[in-house]
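S.K.: Below are the C-alpha cells for one structure; questions will follow.
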Amino acid sequence: MADSTLYKYVLSLGDDALVSAQRLAQWTYKAPFLEEDIALSNISLDLFGRANLYLEYAAELKGGNTTADHLAFKRNERQFTNLLICEHPNGNFADTNVRNLFLDTFHKLFLEKLVESKDKQLAAIAEKARKENSYHFRHSSSWVIRLGDGTKESNSKVQTALNNLWMFTGELFEMNKVDLEMSSQKIGVDREALKPQWKSIITDVLTEATLNIPEDVFMTSGGRDGIHTEHLGHLLSDMQYLQRAYPNAAW
Amino acid sequence: MVKEISVDTIWELLHKIPDPEIPSISIVELGVVRNVKFNEDNFHITVTPTYSGCPAMSFMKDEIVRAMEAEGISNYQLHTSLAPPWTTDWMSTEVKEKLKEAGIAPPSEKVQCPQCDSPKVESISEFGSTACKALYKCNTCAEIFHYFKKF
C-alpha cells in the first residue's frame, strides 16, 4: 500500500526534529563552557523528545511492525526528508546559534499554527513542542544579540554565519505536494504564509544585535525529496552505527 | 484475606513513587499521573510527560509497573496522553513548599532564593541539570540554586 500523505507529513516533521537533535547533541562535552554545554544538550534532548512523538505517530500511521526506532535507525539517507538546514554542520558557536535562531523562529510561528490542526495528535504534539520552543528561541536569540553586539571578532563571526546560512532559509517556506494537501485539509500549516512574520522577527533580533540582514541570494532546497548535502550521510552513520552493526540490538 | 483494591488504593501506591530526579516529591505531586479509572475489570492509569524529551519518563512508567506488580495487581493498563500538556500550574502550594525545603526554588512569577527568600537573584543558565530546572544565583546569600521552571 502506498504511504498516506499524513504519514509523509508527520515523517518530515519528525525527520526535522531528529536530525536537528542529533546535530545539536554533537556539542555535548565540547561547548564553550559548562552551562552552555548543558543548555545545548538540553535543547537537543527536547528535540529528541519531539522527534520521538512525531515518529511514534508516523509509525502508527504506517502500521505493520513499524516502530519509531525503525524509522530513525533503519532508513537510508535518501529516505530522510528533513530540511537541509537541520543537517548543516555545527561550525563554530556563532554558526550553531544562527542556525538555531532561524529554526526556533520558524517553529515559533509554525507550531502556533499546528496547534489548530484538525488532526488531534498533531495538535497535541504541537502544543507540547511550542512551550519548549519558547525556551529555545530565548536561548538562540539572546546569544545572537550578545555575539552581534559584542566584540568586533564575535560580531564578524556571527555576521559570517548569517551570510553563509541564509541560502538554507528559503526551504523553510517551500510548499510541496504533501504540504499543500495537508494545508488544504487544515491538518498541516501553510509554511509560505509564515515568511513575512519570520522575516520581521529575524529583522528585529538582528537590528538589536547590530547585524546586517543578508541580501537575498540563491536558495537551495531538496531535503524533502531526499536530496541531501554530503553532511547527512556522516551524521546518520554516527547515529545508526549500533543498529547497523548489530541489527536489533537491545538493552 | 484478599485485600480490596480500589481506585484509591492505586492512587495511594502511586503517591509513594518518588520523582527519580527530585525524590522529595512524588510523581502524583509532580502532576505526571493524570487519571486513575476503573473500567471493565481494569484500572486505567493515565500519565503525561513533563518535557517531551524527559529521560525520566520511561523510568517513571517502569516504577509504576513495579509498584503494581509488587502488590500483585495485574489488571491495569498504562496510558500516555499529551493533551492537555503538562504544566507546573498543577503543583499545589504544599508541593511547592516541599521543593523549597529541598533547596529548589518552586515555579513562580518571581524567583526567590530558597535559602534566604531574597528576591535579588540572577539567572546563570536557563537550563539546569534536568530539563525542568534552571540555574540561579542569590545575590544576597551567594547561594547557587536550582529553579523549577514555570512551564
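The values are calculated or read from the model by the stated rules, or taken from the named source; none is laboratory data. What you see is a predicted model; the values in this text were computed from it and never measured. Quick reminder, even Gly has a Cβ in these numbers, built from the backbone with ideal geometry, and neighbours come from all protein chains shown.
S.K.: Examine segment B:79-97 for a residue that is under 24 Å from A:S140 (Cα atoms) and touching a Leu at 6+ places or on another chain (Cβ under 6 Å), and state whether such a residue exists.
M.R.: no
S.K.: While we're here: Taking the condition within 14 Å of chain B (Cβ to nearest Cβ), assigned to a helix (DSSP H, G or I) and at pLDDT 95 or above, does A:R50 pass?
M.R.: On the way: within 14 Å of chain B (Cβ to nearest Cβ): yes; assigned to a helix (DSSP H, G or I): yes; at pLDDT 95 or above: yes.
So A:R50 fits the description; yes.
The rows are residues; the columns are (1) at pLDDT below 95; (2) surrounded by 14 or more Cβ atoms within 10 Å (Cβ to Cβ); (3) assigned to a helix (DSSP H, G or I); (4) out of contact with any helix residue (DSSP H, G or I) (no Cβ under 8 Å at 6 or more places or on another chain).
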| residue | (1), (2), (3), (4) |
| --- | --- |
| A:V189 | no, yes, no, no |
| A:K199 | no, yes, yes, yes |
| A:T207 | no, no, yes, yes |
| A:N212 | no, no, no, no |
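S.K.: How many residues are surrounded by 17 or more Cβ atoms within 10 Å (Cβ to Cβ), polar (S, T, N, Q), more than 18 Å from the chain's Cα centre (by Cα) and within 11 Å of another protein chain (Cβ to nearest Cβ) if we restrict to segment A:106-143?
M.R.: 1
S.K.: Right, here's the next one. Please find, within segment A:1-34, the residue that is nearest to B:T130 (Cα to Cα) out of those that are buried (at least 17 other Cβ atoms within 10 Å of the Cβ) and charged (D, E, K, R).
M.R.: A:R23
S.K.: I'd like the residue in segment B:102-115 that is assigned to a loop (DSSP other than H, G, I, E, B) and of a type in the set (G, A, S) and, out of all such residues, is surrounded by the most Cβ atoms within 10 Å (Cβ to Cβ). Spell out the reasoning first.
M.R.: To start, the set of residues in segment B:102-115 that are assigned to a loop (DSSP other than H, G, I, E, B) comprises B:102-103, B:106-115.
Those left that are additionally of a type in the set (G, A, S): B:102-103, B:108.
Values: B:A102: 15, B:G103: 13, B:S108: 12.
By that ranking, first place goes to B:A102.
S.K.: Go through A:T160, A:T151, A:T210, A:T169 for me and flag whichever is under 25 Å from A:V10 (Cβ atoms) and among the β-branched types (V, I, T). Break it down into steps so the answer makes sense when it comes.
M.R.: Numbers: A:T160 fails: under 25 Å from A:V10 (Cβ atoms); A:T151 fails: under 25 Å from A:V10 (Cβ atoms); A:T210 fails: under 25 Å from A:V10 (Cβ atoms).
Result of the check over A:T160, A:T151, A:T210, A:T169: A:T169.
S.K.: I would also like to ask the following. Please determine whether any residue of segment A:61-81 is closer than 19 Å to A:M182 by Cα and more than 14 Å from the chain's Cα centre (by Cα).
M.R.: Yes, segment A:61-81 has at least one match.
S.K.: Here is a follow-up. Kindly establish whether B:Y147 is in contact with a His (Cβ under 9 Å, 6 or more places away or on another chain), within 14 Å of chain A (Cβ to nearest Cβ) and assigned to a strand (DSSP E or B). Full working, then the answer.
M.R.: Values: in contact with a His (Cβ under 9 Å, 6 or more places away or on another chain): no; within 14 Å of chain A (Cβ to nearest Cβ): yes; assigned to a strand (DSSP E or B): yes.
So B:Y147 fails the test.
S.K.: Separate question: Based on this model, can you work out whether B:L78 counts as of a type outside the set (D, E) and closer than 22 Å to A:L45 by Cβ? Let's see the steps before the verdict.
M.R.: Values: of a type outside the set (D, E): yes; closer than 22 Å to A:L45 by Cβ: no.
Taking the combined requirement at face value, the residue does not satisfy it.
S.K.: Another question, then. Restricting attention to segment B:126-144, which residues are under 26 Å from A:R50 (Cβ atoms) and either of a type outside the set (A, V, I, L, M) or away from chain A (no Cβ under 14 Å) (or both)? Before you say what the answer is, go through the steps one by one.
M.R.: At the first step, the residues of segment B:126-144 found to be under 26 Å from A:R50 (Cβ atoms) are B:126-135.
Result: B:E126, B:F127, B:G128, B:S129, B:T130, B:C132, B:K133.
S.K.: Select from segment A:145-170 the residues that are of a type in the set (A, V, I, L, M, F, W, C) and out of contact with any Asp or Glu (no Cβ under 9 Å at 6 or more places or on another chain) and write down the one among them that is nearest to A:L40 (Cα to Cα).
M.R.: So the first thing to find is which residues in segment A:145-170 are of a type in the set (A, V, I, L, M, F, W, C), and the list is A:145, A:147, A:158, A:161-162, A:165-168.
When the remaining residues are screened for being out of contact with any Asp or Glu (no Cβ under 9 Å at 6 or more places or on another chain), the result is A:147, A:162, A:167-168.
On the way: A:L147: 16, A:L162: 19, A:M167: 24, A:F168: 21 Å.
Among those that are of a type in the set (A, V, I, L, M, F, W, C) and out of contact with any Asp or Glu (no Cβ under 9 Å at 6 or more places or on another chain), it is A:L147.
S.K.: Filter segment B:61-101 for residues that are in a loop (DSSP other than H, G, I, E, B), within 14 Å of chain A (Cβ to nearest Cβ) and not aromatic (F, W, Y) and give the result. Explain how you work it out, then say what you get.
M.R.: Restricting attention to segment B:61-101, the residues satisfying the condition of being in a loop (DSSP other than H, G, I, E, B) are B:71-75, B:81-87, B:91-92.
Still in the running and within 14 Å of chain A (Cβ to nearest Cβ): B:81-87.
Once the filter is applied, which keeps residues that are in a loop (DSSP other than H, G, I, E, B), within 14 Å of chain A (Cβ to nearest Cβ) and not aromatic (F, W, Y), segment B:61-101 yields B:S81, B:L82, B:A83, B:P84, B:P85, B:T87.
S.K.: Just to be sure before I move on: is B:S81 more than 22 Å from B:P23 (Cα to Cα), in the same structural domain as B:L14 (by TED's automatic domain parsing), in contact with a Ser or Thr (Cβ under 9 Å, 6 or more places away or on another chain) and in contact (Cβ under 8 Å) with a residue 12 or more places away in the chain in the structure I sent? Working first, answer last.
M.R.: Values: more than 22 Å from B:P23 (Cα to Cα): yes; in the same structural domain as B:L14 (by TED's automatic domain parsing): yes; in contact with a Ser or Thr (Cβ under 9 Å, 6 or more places away or on another chain): yes; in contact (Cβ under 8 Å) with a residue 12 or more places away in the chain: yes.
Yes; evaluated as a whole, the condition is true for this residue.
S.K.: Could you grab me the full set of residues in segment B:102-125 that are within 14 Å of chain A (Cβ to nearest Cβ) and farther than 22 Å from B:I25 by Cα?
M.R.: Going through segment B:102-125, the residues within 14 Å of chain A (Cβ to nearest Cβ) turn out to be B:107, B:122-125.
B:E122, B:S123, B:I124, B:S125 - these are the residues of segment B:102-125 that are within 14 Å of chain A (Cβ to nearest Cβ) and farther than 22 Å from B:I25 by Cα.
S.K.: Something else about it: Among the residues of segment B:116-135, count how many are surrounded by 15 or more Cβ atoms within 10 Å (Cβ to Cβ) and at pLDDT 95 or above.
M.R.: Of the residues in that region, 1 qualify.
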